[in-house]
Ligand SMILES: [Zn+2]
């Protein structure tokens, strides 16, 4: 069976000889692992289109559960990510999150759109990396089934308060009057509206918000800890990113 799909390469493992095993985020099939023959040979037709962060048009063949890359033609390589170690580390983290949390054999157009746009902004450098990280983390949680409920206080239904608290354990918010023992973070109005924006806004407006640097730092801590708590695992690429900033 042959499948034609655009996909982003989110992981590359070099195999023996000149072969590669690549992990792709495809639009229609979600995360797919595929073998590339001869990919490590410089000058091979698939060489430049099957490197990490390459977004390419793929022609895959499927035999049983095994995919092979028959042909790949490059659409966008995000090549300037590698000129900045912090950007590179962050891009690797976004790819690890995607490879870990996106389902296999299920359409992933939303996640693909998110990761492509985020890498694009990372290359351009016009959005603060801390904010990009928060957007990517929380929106990935929404897409992959870990959406928090930030609509109103989980106890009394109050929409807004000077301070609301957010529990990363149950993904709910609580007003001042009902403050529950489980609540881990205090959200002022800036933080609450930033989180609501990331969770509920239309994709077209997702990247259109700014918060002051101090709030960006707090937001970053909240989205990262929510993700780690909810997915219950550590990410090597995140630890690396944190070791260099
Ligand atoms: Zn309440």
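For this structure, a couple of remarks:
- The set of residues from region 111-123 being crowded, with 21+ Cβ neighbours inside 10 Å and over 13 Å from residue 133 (Cα atoms) comprises 111, 112.
- Single condition residue 190 does not satisfy, out of (1) within 16 Å of the ligand (Cβ to nearest atom); (2) more than 28 Å from residue 112 (Cα to Cα); (3) at pLDDT 95 or above: (1)
- Only one of the numbered conditions (1) more than 13 Å from the ligand (Cβ to nearest atom); (2) free of Cβ contacts under 8 Å to residues at least 12 places away in the same chain; (3) exposed (fewer than 14 other Cβ atoms within 10 Å of the Cβ); (4) farther than 22 Å from residue 241 by Cα is violated by residue 169, and that is (2).
- Of the criteria (1) in contact with a strand residue (DSSP E or B) (Cβ under 8 Å, 6 or more places away or on another chain); (2) surrounded by fewer than 15 Cβ atoms within 10 Å (Cβ to Cβ), which one residue 6 fails: (2)
- Single match in 147, 164 (criterion: within 16 Å of the ligand (Cβ to nearest atom) and closer than 18 Å to residue 198 by Cα): 164
- Residue count, region 211-232 (criterion: out of contact with any strand residue (DSSP E or B) (no Cβ under 9 Å at 6 or more places or on another chain) and assigned to a helix (DSSP H, G or I)): 14
- Any hit, region 199-209, residues being modelled with pLDDT of 95 or more, in the same structural domain as residue 140 (by TED's automatic domain parsing) and within 16 Å of the ligand (Cβ to nearest atom): no
- Filtered residue count, region 71-104, keeping only those that are within 17 Å of the chain's Cα centre (by Cα) and closer than 19 Å to residue 239 by Cα: 17
- Residues satisfying the criterion are absent from region 87-110 (criterion: buried (at least 19 other Cβ atoms within 10 Å of the Cβ), touching a residue at least 12 places away in the same chain (Cβ under 8 Å) and under 19 Å from residue 205 (Cα atoms)).
- Within region 64-77, the set of residues being surrounded by fewer than 20 Cβ atoms within 10 Å (Cβ to Cβ) and either free of Cβ contacts under 8 Å to residues at least 60 places away in the same chain or not in a strand (DSSP E or B) (or both) comprises 64, 65, 66, 68, 71, 73, 74, 76, 77.
The values are calculated or read from the model by the stated rules, or taken from the named source; none is laboratory data. Please read all numbers here as calculations on a predicted model, not as lab measurements. Don't worry about glycine lacking a Cβ; one is built from the backbone with ideal geometry, like all the others, and counts go over all protein chains shown.
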